[in-house]
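Here is the structure we will look at.
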Amino acid sequence: MSSGAHRDSPTEVLRAFDAHADAAAIAHAAELLCAGQLVAFPTETVYGLGADATNAAAVAGIFSAKERPLSDPLIVHLAHVADVRAVAGEIPSVVEPLAARFWPGPLTLVLPRSAYIPPIVAAGGRTVGVRLPAHPIARALIAAAGVPIAAPSANRFTHTSPTTAAHVLADLDGRIACVLDAGPCAVGVESTVVDLTSSPPRLLRPGGVSAEALRDLLPDLTLPVSAEPTTAEPPGAPQRAPGQMERHYAPRARLLVFDGVGEAVVRAIAAEVRARAAQGQRVGALVADEEAAALAGLGAQVVALGPAGDLAAIARGLYAALRELDAVPVDTIIAHTFGEAGLGLALRDRLRRAAGGVLTPPPDV
Ligand code: TXA
Ligand code: MG
């Protein structure tokens, strides 16, 4: 069988909460992958849409199922660090300490691509993004398949990334052979992508591993313009890495994101909620637990993401909250960023993209 895209048969949903108890489901999913089919699987960040990375036809199926342009390269997922040697050409010496500290985990390293990985995986380029996911089901699946697994997030192109199997089905049911359901993802935002083929190394996408932690081993790591503390970005000017387009991770509703934290920001959100509700709009708000009370009774659907000081909880709940508010539905979602430290940088990046690339300056205090 060739690729699994645009199938007519329904997608198989298999529970896989435990790598040992659910070994039969994992073995079945691995057989599908080896036969060139598409399988969505849990990782610690978001659900991925996997195909055998060495099978160009299977990888083509990923792009058609997601309606993703071929110009956006895929990450290759491995079960063992030793397998990096097969997928990457030259391996910079810093890979070893990076792998020892951050793998398995939410870090993708862009390395020179070996001939074992077909060009379609890398959008025709000479590099390849590589990651060892930490999720036990992902690791068991990749090991059982015995091949590297190319996997983007298992959503339609530009949609919000999936953090549950139900999210995957909402976007891809009938288009892929199978989804392994292991419940919600623990991190909730995608991996950090670091380009090690440039000098100095570049952070292409903030994610589950913080820039601060990376700088312990990569002291000269550069951040993308959009991740610098300034909001201003000249329209159309900066050259971005492939796939770093602005409308991404986006809900259907319009998103308004204040770039700041604190009481003045919450008051500004409340004022926006009131103004829009008065115009007859259906409004949603995404805030920290402590901030929800200030928005009660204003007519908005308020989702409390987690305690203000717990960015891990906020990241874990962000994508599900965007999908939840879309399902209400609401016309506008109002939110704010959570600083730039640690996971705050990834949250700010995803909120900005979900808002079409624009952050709203915080109110003057
Ligand atoms: O956490 C994650 O990274 C998830 C899970 C499934 O592993 N995957 C994921 O894949 O988010 P995707 O395709 O949705 O995002 C991959 C990002 C894109 O922005 C892509 O452009 C970038 O990584 N990327 C992949 N390979 C690259 C390469 N060779 N050079 C530059 N950027 C690359
Ligand atoms: Mg994605």
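Odds and ends about this structure:
- Residues located in region 148-173, provided they are assigned to a helix (DSSP H, G or I), touching a strand residue (DSSP E or B) at 6+ places or on another chain (Cβ under 8 Å) and within 15 Å of ligand 2 (Cβ to nearest atom): Val168, Asp171, Leu172
- Residue list for region 16-45, restricted to those being within 19 Å of His167 (Cα to Cα) and crowded, with 22+ Cβ neighbours inside 10 Å: Ala16, Ala29, Leu38, Val39, Ala40, Phe41, Pro42, Thr43, Thr45
- Residues (surrounded by fewer than 20 Cβ atoms within 10 Å (Cβ to Cβ) and within 13 Å of ligand 1 (Cβ to nearest atom)) located in region 157-177: Phe157, Thr158
- Residues of region 85-103 that are free of Cβ contacts under 8 Å to residues at least 60 places away in the same chain and either within 10 Å of ligand 1 (Cβ to nearest atom) or out of contact with any strand residue (DSSP E or B) (no Cβ under 6 Å at 6 or more places or on another chain) (or both): Arg85, Ile91, Ser93, Glu96, Ala99, Ala100, Trp103.
- Flag: Thr197 does not match the condition of being at pLDDT 95 or above, hydroxyl-bearing (Ser, Thr, Tyr) and within 14 Å of ligand 2 (Cβ to nearest atom).
- Only a single criterion out of (1) of a type in the set (A, V, I, L, M, F, W, C); (2) assigned to a loop (DSSP other than H, G, I, E, B); (3) under 30 Å from Gly342 (Cα atoms) is not satisfied by Ala100, namely (2).
- Number of the exception - Ala23 against (1) modelled with pLDDT of 95 or more; (2) farther than 22 Å from Pro104 by Cα: (2)
- Pick from region 178-196, criterion more than 8 Å from ligand 1 (Cβ to nearest atom), of a type outside the set (A, V, I, L, M) and not in a strand (DSSP E or B), ranking: surrounded by the fewest Cβ atoms within 10 Å (Cβ to Cβ): Gly183
The values are calculated or read from the model by the stated rules, or taken from the named source; none is laboratory data. Just so it is clear, the structure is predicted and the values come from calculations on it, not from any experiment. Virtual Cβ from ideal backbone geometry, glycine too; neighbours counted across all protein chains shown.
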